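One structure is given here, and the rest of the page talks about it.
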Amino acid sequence: MPANTTFRPPSVAQVEVAGFWGARVDAVASRTADILYDRCVEARMLEQIDPDIPSPGVVIPFHSMSPTGNEFTGATVTTQMFWDSDWGKTIETAAYSLYRRRNDELERKIDAVIDLFGKLQQEDGYLSSWYQRIQPGLRWTNLRDCHELYCAGHLIEGAVAYFQATGKRKLLDIMCRFADHIGEMFGAEPGKRKGYCGHEEIELALVKLGRVTGQRKYLELARYFVDQRGQQPHYFDEEARARGADPKDYHFKTYEYNQSHKPVREQNKVVGHAVRAMYLYAGMADIAAEFADDSLRTALERLWNDLTSKNLYVTGGLGPSAANEGFTSDYDLPNETAYAETCASVALVFWASRMLGVGPNRRYADVMEQALYNGSISGLSLDGSRFFYENPLESRGRHNRWKWHRCPCCPPNIGRMVASIGTYIYGLGERAVAVHLYGDSSIRFEVEGREVVLTQASRYPWDGAVSIKFDMDRPLRFKLHLRIPGWCPRAQLTINGEGVDVEDVLADGYVTLDREWEGTDVIRLDLDMPARRIYANPRVRQDAGRVALARGPIVYCVEEVDNPEPLHSLVLPSATSIEAVEAPDLLGGVVTLSGQAVADRSSDWGDTLYRSARPVREQTMVRAVPYFAWDNRQPGEMRVWLRDEP
């Protein structure tokens, strides 16, 4: 365990997952990882990084037909500009998948990609296929728009993952050289550029690099990028003038778009591009934990409160607007037009998990779980082959999963998150282990140089019963932190059959058990998991008079395939009892929610558009399925929020 009070995630190799998450990791390992590589090749991304063949020039990225037959074309040049990042996330997904499931052919392909990056790298360490192969001579001239450091960050993350999963360090060495070059170019020292990336990512990646290499300089460089952001004179203004451009000639008009409108410690509202914001806040949280920086922590608390109290969908989705792929105004949470990019929910998981770096706290872990089980994995089909970019909470049946996307950032992002899910389940501190998420899994860690194996057995998220056992060769003392979810109305805890008063040992939403543990100890935690109704703040105008259904961490939706009445006509009376029903043969095995509802009848209206008499209502049943699993059957309408009747 780390020799400080910081809680860090375990490596993928320390955690084994089964059950709910095991099935999803297997889908990524058996299908998604290969699909990501194949789609990158079809998009001609391999040509761009191969220095032994002529440059492909500007290429319109590959995009297949959608399931509804619509062809998507017209991707912008900027999509191609960050192809290196797609490779980085694809390598990361492959790394975790190779650890899960041997795949010699995929490993050979990824090794070949890494070889190409090695050949492409310049003598000074610089590495960017766009600026080396497509626009040579222009490197470091447009950090605001052109993703150089963002791409470096994703390649660094891929390098760290590939090293940890396979033991191969070629890409890690390549990216250390590039990171060293970046450190020579940027920093507070005289003669260095005072810049930072328009699309945050390098910050959190450098922290990962510093942790795996033990090199403090990478953490210091990450801290520089966080500290420098938004300082005056504004780097993006100076950079634009240096390349002969007018700083005002900026498509998004405001630096709120990339969160550089103010120094980070002065920011108090989530603004701009949602993914960029989440990556920045994740990096800030890492730096706050590594350097015990309370000033960053204070800013993060303000931003967290603003997001979760005014700007977060019930599914853990965020960023309602397609115009800026991000935030608009407080309480603006439209359902049918919700952008809620898959990458944004994935990045929220990253931020929330890092907020746990200074210690277990339910307010962060609950949101991490909310985004994990709903707004993020909705972006990946159950078989791991199709994807959502946007995740609306309402559809008329035309929003369907795609084989790929003209901007393919989301498929490898959800792939790498799912394949590394074990790193989010647990946290390791000094003589302490935190269980943030429940489900079939085990973790190996050390206390006093001795190995401990902690094993969970549970059908979570379908059942709240959790059993925890230990395996160690002698008694060892350490703290065990167990989260009691905010949605749980009642929790019961026993150790070796003896009851423990949860309230007596509860702090910040976690039970803390500090004792000498033995290999024969058995903990049982029972979390009540009733179906529940959720109502939105009345200031969310789109959800006024509506209700959503949830059970445990799962948010539900209704689909046309399960409900014969038009979904907009359904009304759920408050007196209706909601029943949870096991459906082992549906959608890979889920729990559905059902209850008595009423529906407005339209059959007696004929050609009449308006009339003075109310619609006649008929009794009907409503059946809801987990939101993450929608559009895995036949296309049709969907909605999360139903009409409510007191």
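Tell me whether the chain comes out rounded, prolate or oblate; compute the Cα gyration tensor, take square roots of the eigenvalues as a ≥ b ≥ c, and use a/c under 1.5 as the rounded threshold.
Numbers: a/c = 1.62, a/b = 1.19, b/c = 1.37.
Judged from the Cα gyration tensor, the chain comes out oblate (a/c at least 1.5, b/c at or above a/b).
How about segment 474-574: which GluC sites (Glu not before Pro) there are in a DSSP loop, with at most 14 other Cβ atoms within 10 Å of their Cβ?
When the GluC sites (Glu not before Pro) of segment 474-574 are filtered for loop state and at most 14 Cβ neighbours within 10 Å, E518 remain.
Shape of segment 438-527 from its Cα gyration tensor (a ≥ b ≥ c, root eigenvalues): rounded if a/c is under 1.5, otherwise prolate when a/b > b/c, or oblate? Show your work: numbers first, answer last.
On the way: a/c = 1.90, a/b = 1.47, b/c = 1.29.
In terms of gyration-tensor shape, prolate.
Report the antiparallel proportion of the DSSP beta bridges in the chain as a percent, rounded to a multiple of 5.
Bridges in the chain are about 90 percent antiparallel.
Find, among the GluC sites (Glu not before Pro) in segment 303-401, those assigned to loop by DSSP (not H, G, I, E, B) with at most 14 other beta-carbon atoms within 10 angstrom.
E336
Multiplying the sequence separation of E336 and A323 by 0.36 nm and subtracting their Cα-Cα distance, what value in nm do you get?
Difference between extended and current length: 3.2 nm.
How many percent of DSSP beta bridges within segment 534-645 run antiparallel, rounded to 5?
Around 90 percent antiparallel, to the nearest 5.
Provide V540, V226 in ascending order of the number of other Cβ atoms located within 10 Å of each residue's Cβ, fewest first.
Details: V540 20, V226 25.
Placing the least packed residue first, the sequence is V540, V226.
For K109, K170, what ranking results if the residue with the fewest other Cβ atoms within 10 Å of its Cβ goes first? Spell out each step's value before the answer.
Details: K109 18, K170 15.
Sorted ascending by nearby Cβ count, the order is K170, K109.
Can you put T620, T254 in order, fewest other beta carbons within 10 Å first?
Working: T620 16, T254 12.
Result, fewest neighbours first: T254, T620.
Run the paramagnetic zone check for R216: 7 angstrom along Cα to Cβ, then residues of segment 144-182 with backbone nitrogen under 11 Å.
none
Residue by residue through segment 349-356, which ³J(HN,Hα) values in whole Hz follow from phi under the Karplus form 6.51 cos²θ - 1.76 cosθ + 1.60 (θ = phi - 60°), with glycine and proline marked x?
4, 4, 5, 4, 5, 6, 5, 7
Scattering from the C-alpha atoms of segment 534-645 alone, worked out with Debye: what is log10 I(q)/I(0) at q = 0.13, 0.16, 0.22 1/Å?
-0.53, -0.78, -1.29
None of the figures in this text is laboratory data; all of them are computed from the coordinates on show. Since we're looking at a predicted model, the values are computed, not measured. For neighbour counting, all protein chains shown are included, and Cβ atoms are generated from backbone atoms with ideal geometry for every residue, glycine included.
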